[in-house]
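Read the figures in this text as sums done on the coordinates, not as results from a lab. Computed from a predicted model, the values in this text were never measured in an experiment. Reconstructed Cβ throughout: ideal geometry from the backbone, glycine too, with neighbour counts over all protein chains shown.
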Amino acid sequence: MIIKPIDREEKRSEMSGSVAEMDRREFLKMGLVITGVVAGGSLLSVASAADKLFPGDSFLKKYPYRPHYAMVIRVDQCIGCLRCEKACVVANSVPAYGWRTKVLHKEVPEAIGQKREFIPILCNQCNNPPCVRACPVTATFKNRQNGIVMMDVKKCIGCKICMAACPYNARYFNEERGAIDKCDFCLESRLSKGETKTACAEACPADARVFGDLSNPQDRVYKMIHQLQKPIWVLKRETDAQPNIFYTKG
Amino acid sequence: MGGNGESTLTDCLKGASRRVVSSGPFYFVFLGICAVVFIGGVIAGIHSVYVAGSRHAYGTYREIPLGMLIATYTFFVVTSTGLCLLSSIGHIFGVEKFVPIGKRAVFLSIITLLSGFLVIGLELENSLRLAIFLFLSPNLSSNIWWMGVLYSFETVLLIVEFIFLMQGKHKISATAGLLGIGFGVAAISNLGGVFAMLNGREFWYGPYLPVFFIASALLMGCAVITFFTPIAFAIQRKDVDDAMASSIESVAKLMMVMLAVVMFLTIWRMVSLTVGSPEKQMALNIFVSGPCAFTFWGLEITLGLIIPFALLLLSGGKRIGLMVLAAAFVIVCAFFARLGMVVGGEMVPLYWDLGVKEYASLHQYSPTWREILVVLAGAGFCGMMFLLGEKVFDGFAEEAAERGLRAKKKVDEK
């Protein structure tokens with residue numbers, strides 16, 4: 001059975017008449033209110049702009065982690081070379097039957113101009129992760145220091161409820177580990193060894209994946225998120241998972 | 001005193017083994033089939049999880065992580081709670097007509113619960129870790145954690161209830177039973193919550209499933225008692241006595257009410273899916289006209305609800321053959337309904353709305369023969385324990401004496 005996806009962009013345009021304006025609103029809701037954070041309480045220009053849209057102090061909170069790792073995916077920069085997938089496999093010993101990150105392909109032959117788009121996906125390291133809530137034995141948990149959703153493989157009972165709970169299809173059962181496996185922003189394989197980038201971000205020749213610290217106003221990710229010129233969105237926002245993977249274009 | 005106790009126990013065991021041994025050839029044929037199916041299924045399950053690997057042995061995969069075995073577990077534990085609820089109507093809440101089925105219902109509740117544990121044990125990748133970390137590393141926000149703990153307590157309470165019920169100590173038994181109901185209802189609603197609180201899955205998410213599971217549990221309890229009680233009497237080579245026939249009639253009436261309730265809930269469930277997000281409508285289409293249409297219309301609705309209701313209506317509460325047939329349809333079709341509920345909730349791809357090639361079509365699921373063997377292991381265990389239980393506990397013979405006493409008491413009162 002082939003599914004005909006609903007053209008949500010078209011719907012959005014119909015609703016607001018301005019995609020860019022809608023996306024800004026979405027960004028403010030998602031990036032700030034839903035994520036529930038503003039860096040160090042010192043976000044000035046955006047905070048004041050956001051304050052106009054969302055009065056009150058609901059979003060004037062600090063980022064919960066130091067560092068607060070996040071990734072911005074510049075969808076229009078992705079060329080679909082899949083080097084990120086390969087780098088991830090090598091860095092994290094991902095077996096052939098699984099994946100921690102994947103690049104999805106979208107083709108719209110009738111589109112004017114660009115007819116193909118690539119959408120990288122990975123664990124969204126959610127601030128409110130459904131997988132962590134669902135796990136009966138805390139085998140998956142939020143790292144208290146940096147917010148990365150981690151696995152304690154020796155506790156995993158293999159019930160797979162976290163796989164069902166994850167709105168991002170980011171988990172699989174790793175036979176070799178005897179536990180669920182997922183992206184950990186390369187914490188185990190790279191960050192803990194002094195590297196500053198994930199394997200996928202490092203391997204990307206088009207700078208489509210920007211990895212960084214959302215709690216540091218000097219960080220590139222911070223700067224990309226805290227601006228109003230370009231649309232920023234997250235996937236599956238309706239689940240209130242509060243993801244830390246942001247998407248942008250332009 | 002110890003000597004007397006030992007001698008009583010020895011007498012009981014001797015009596016039980018004598019009753020088993022003296023059973024007819026049909027009994028042994030059925031017992032043998034159940035035992036073979038049970039042992040074969042357990043071996044297949046252990047081999048699948050610990051030798052072959054579930055990725056190779058079972059039909060589940062990344063996009064459909066929960067399959068037939070989870071559906072079977074759900075089927076058994078829902079049935080167990082239903083039997084527990086049904087037994088309580090008589091021996092806890094004092095409704096006279098439901099008293100005769102009490103002991104058998106509690107016994108069947110225990111064995112269906114154990115069957116559920118058996119199947120889930122052969123589905124989990126690391127069952128041993130569950131036993132350790134359920135207590136050492138609990139996650140109080142997890143429905144599965146609550147379900148596991150509550151069902152563990154319920155198992156103990158049901159066993160206590162059954163032991164004291166068999167000893168005729170009704171006060172202690174009723175207290176354990178009452179607690180068992182509390183734990184059972186809490187456990188089954190948490191089982192509903194396992195699915196209902198996954199807000200990334202549109203088909204499951206919401207308060208419907210916990211409520212539906214409780215209604216469905218009582219329906220299953222009625223069906224199982226209606227199906228197994230006449231068989232139990234056949235095993236004893238006895239006719240169903242008047243008190244038991246009257247009890248089955250009451251259970252059948254309650255089954256009709258629960259069929260109507262489940263039908264009502266199912267209709268509104270489906271109607272409510274017609275509005276809302278596109279994902280919900282896609283899930284609806286899976287059942288109405290998609291891959292699950294036959295299971296839904298043919299088994300869950302027609303054979304599982306409408307035909308049993310009609311058969312029970314025709315039986316007039318008297319024709320036991322029709323009632324047994326209706327109950328059999330309910331039981332078998334409820335299994336497929338659980339399967340549809342579990343798998344149907346995972347068939348819509350999570351990324352379908354992106355319009356990407358990788359997730360342009362519905363996920364498919366087909367159970368493997370190993371999964372079917374594990375399901376049969378659960379059914380075999382259930383059947384084996386039922387057959388043995390009827391002999392070991394002598395067809396719950398005390399009931400007949402009690403029923404006689406009650407009947408005598410009524411006559412005296414008159």
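Please give me, ordered by residue number, the GluC sites (Glu not before Pro) of the stretch A:178-229 that lie in loop per DSSP and have at most 16 other Cβ atoms within 10 Å. Let's see the in-between values first.
Working: sites: A:Glu188, A:Glu195, A:Glu202; in loops: A:Glu188, A:Glu195.
Filter output for the stretch A:178-229: A:Glu188, A:Glu195.
A simple rule links phi to the HN-Hα coupling: the Karplus curve 6.51 cos²θ - 1.76 cosθ + 1.60 with θ = phi - 60°, which for the stretch B:324-340 gives 5, 4, 4, 5, 4, 4, 4, 5, 5, 6, 4, 4, 5, 5, 5, 4, x Hz, with x for Gly and Pro.
Quick check: net charge around B:Phe117, other residues with Cβ under 15 Å of its Cβ, Lys/Arg +1 and Asp/Glu -1? Numbers along the way, then the final one.
Values: positive: none; negative: B:Glu123, B:Glu154.
Local charge sum for B:Phe117: -2.
For the stretch B:155-251, chymotrypsin sites (Phe, Trp or Tyr not before Pro) meeting the loop criterion (DSSP other than H, G, I, E, B) and having at most 15 other Cβ atoms within 10 Å: none. This model, with +1 at the C-beta of Lys and Arg and -1 at the C-beta of Asp and Glu, gives the stretch B:23-395 a dipole about its Cα centre of some 360 debye. Overall, the stretch B:61-183 carries a charge dipole of about 340 debye about its Cα centre when +1 sits on the Cβ of Lys and Arg and -1 on the Cβ of Asp and Glu, all other atoms neutral. Rounded to the nearest Hz, the phi-derived 3J(HN,Hα) couplings of the stretch B:296-309 under the Karplus curve 6.51 cos²θ - 1.76 cosθ + 1.60 (θ = phi - 60°) are 6, 6, x, 8, 4, 8, 6, 7, x, 10, 5, 5, x, 4, where x marks glycine and proline. A Cα-only calculation for the stretch B:325-364 places Rg and Dmax at 15.4, 48 Å. With 30 Å as the limit, the listed pairs A:Lys86/A:Lys236; A:Lys102/A:Lys193; A:Lys160/B:Lys391; A:Lys86/B:Lys280; A:Lys142/A:Lys197; A:Lys160/B:Lys171 have A:Lys160/B:Lys391; A:Lys86/B:Lys280; A:Lys160/B:Lys171 beyond it between alpha carbons. Note on B:Val332 and B:Ile267: their simple-model spin labels are 2.6 nm apart, each label 7 Å out from Cα toward Cβ. For a paramagnetic label modelled at 7 Å from the Cα of A:Arg177 toward its Cβ, which residues of the stretch A:75-119 fall within the zone defined by backbone nitrogen distances under 16 Å? Inside the label zone: A:88-102. In the stretch B:23-395, a dipole from Cβ-located charges (positive for Lys and Arg, negative for Asp and Glu) runs towards its positive end, and of B:Thr302, B:Val49, B:Met220 it is B:Met220 whose Cα lies farthest in that direction. Working note: Karplus 6.51/-1.76/1.60 with θ = phi - 60° gives the stretch B:244-253 the couplings 5, 4, 5, 5, 5, 4, 5, 4, 5, 5 Hz, where Gly and Pro are set to x. In this Cβ point-charge picture (+1 for Lys and Arg, -1 for Asp and Glu), the protein assembly as shown has a dipole of about 520 debye about its Cα centre. Once both labels are positioned 7 Å from their Cα atoms along Cα-to-Cβ, the gap between B:Ser246 and A:Ser192 label points is 7.1 nm.
With everything on Cα atoms, drop me the angle between helix B:102-121 and the longest principal axis of chain B, reported from 0 to 90° to the nearest 10. Once rounded, one gets 40 degrees. Once the Cα-Cα distance is subtracted from the 0.36 nm per residue extended length, the B:Ile46 to B:Ile33 segment shows a gain of 2.7 nm. The ranking of A:Thr138, B:Thr8 from fewest to most other beta carbons within 10 Å of each one's beta carbon is B:Thr8, A:Thr138. Bridges between two residues of the protein assembly as shown, per DSSP, are antiparallel at a rate of about 85%.
For the stretch A:142-186, the residues whose amide N sits under 12 Å from a probe point set 7 Å from the Cα of A:Ser93 along the beta carbon direction are A:175-178. Residues whose amide H falls under 5 Å from that of A:Ile232, counting only those 5 or more places apart or on a different chain, are A:Phe27, with hydrogens built in the peptide plane.
Rg over Rh for the protein assembly as shown works out to 1.05, using Cα positions for both radii and the Kirkwood form for Rh. Modelled label positions at B:Phe93 and A:Asp152, each set 7 Å beyond Cα in the direction of Cβ, lie 4.2 nm from each other.
Using a Förster distance of 56 angstrom, determine the FRET efficiency expected from the C-beta separation of A:Gln145 and B:Ile231, and round it to 0.05. Kindly include the intermediate steps, with their values, before the conclusion.
Values: r = 61 Å, r/R0 = 1.09.
Computed FRET efficiency for A:Gln145 and B:Ile231 comes out at 0.35.
Subtracting the Cα-Cα distance of A:Glu107 and A:Asn128 from 0.36 nm times their residue separation leaves 4.3 nm of extension gain.
For chain B, adding -39500 (n - 2.57) for each run of n ≥ 4 DSSP H residues and dividing by the number of residues yields -24500 deg cm²/dmol at 222 nm.
The length gained by stretching the chain between B:Lys14 and B:Gln167 to full extension, at 0.36 nm per residue less their Cα-Cα distance, is 53.3 nm.
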